[in-house]
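Reading through the structure tokens given below for one structure.
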Amino acid sequence: MQFIAILKASCNPAGRINRTGFLYLALIILGIQVATYGMTLSFGLQAESTVLRVFDLATLWICLTAAAKRLHDTGRGAIWILYAVAGSLAFSVLLIMVAVVTLGPTVLQPQNPLYIWIVSLATVPAFGATLWLHFAKGAVAANRFGPTPDHTGFSQAPNDESLMSAAVDR
């Protein structure tokens, strides 16, 4: 699959992506982000510019569709993304509450030496979910989300469903 074809396939949450395709897509997205932010700095644009926020939203969409496709490869629906986000938020809120109760509210000030540790700990569930997406084995045979991904790492959904019907679990 060519570079443009991979990006085009990654914008549709229908179908499946295996571990290899997921890794290739992650590297492509990382390369595009580094290049975009490098050009931003070289042209003297502000890092908070509207153009970069639009680019970030497009990147977020591609990342979410890639996660949905990867979940499809394991036989799970995209609703598991919401479960992961809810779990991460619950963990972060609980962590902050415990930190404030045990160490005081000043622990949440950036100049506090424990602040970086709390922020780092809050990212553990999301990092764990990302690692799981990269290492979980996909279904060996075709499943309800599509055929086994080919050598490129991608497969299309059966019946070429629309974006909305593909994103909702049956």
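The values are calculated or read from the model by the stated rules, or taken from the named source; none is laboratory data. The shown structure was predicted, so the numbers you read here are calculated from the model rather than taken from an experiment. Ligands, DNA and RNA are excluded from the accessible area calculation, which covers all protein heavy atoms including side chains. Shrake-Rupley method; radii C 1.70, N 1.55, O 1.52, S 1.80 Å.
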### Convex hull volume per residue for region 103-142, taking Cα atoms only, in Å³
80
### Task
From the P(r) of region 88-164, can you give the percent of Cα pairs sitting at distances over 19 Å?
59
### Query
Roughly to the nearest percent, how much of the accessible area of the chain is carbon and sulfur, given a 1.4 Å probe?
74
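Can you give the extra length, in nm with one decimal, that the chain gains between ALA86 and GLN109 once fully stretched, where that is 0.36 nm per residue apart less the Cα-Cα distance? Write down the numbers at each step before the final one.
Values: separation 23, 0.36 × 23 = 8.28 nm, distance 2.47 nm.
Length gained, ALA86 through GLN109: 5.8 nm.
222 nm [θ] for the chain, helices only, -39500 (n - 2.57) per DSSP H run of 4+, per residue, to 500?
On the way: 7 runs with 106 residues, N = 170.
Calculated from helices alone, the mean residue ellipticity at 222 nm is -20500 deg cm²/dmol.
Please identify the helices of the chain, taking whole runs of DSSP H, that span at least 20 Å along their own axis as judged from the Cα atoms and have a mean Kyte-Doolittle score of -0.5 or higher.
Working: long enough: 19-42 (34 Å, 1.26); 50-73 (34 Å, 0.76); 79-103 (36 Å, 2.42).
Flagged H segments are 19-42, 50-73, 79-103.
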## Note on the structure
The relative contact order of region 39-170, taking Cα pairs under 8 Å that sit 6 or more residues apart, comes to a percentage of 26
### Task
Scan [x] 15.9, 51; [y] 18.9, 56; [z] 22.3, 70 for the value of Rg and Dmax of the Cα atoms in Å calculated from this model and give just the label.
[y]
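Taking a 1.4 Å probe, which of LYS69, LYS137 shows the most accessible area, and what order do the others take after it?
Values: LYS69 0, LYS137 155 Å².
Result, largest first: LYS137, LYS69.
What Kirkwood hydrodynamic radius, in Å, does region 1-83 give when the mean of 1/r is taken over all pairs of distinct Cα atoms and then inverted? Don't skip to the answer; put the middle values down first.
Values: mean 1/r = 0.0728 Å⁻¹.
That comes to 13.7 Å for region 1-83.
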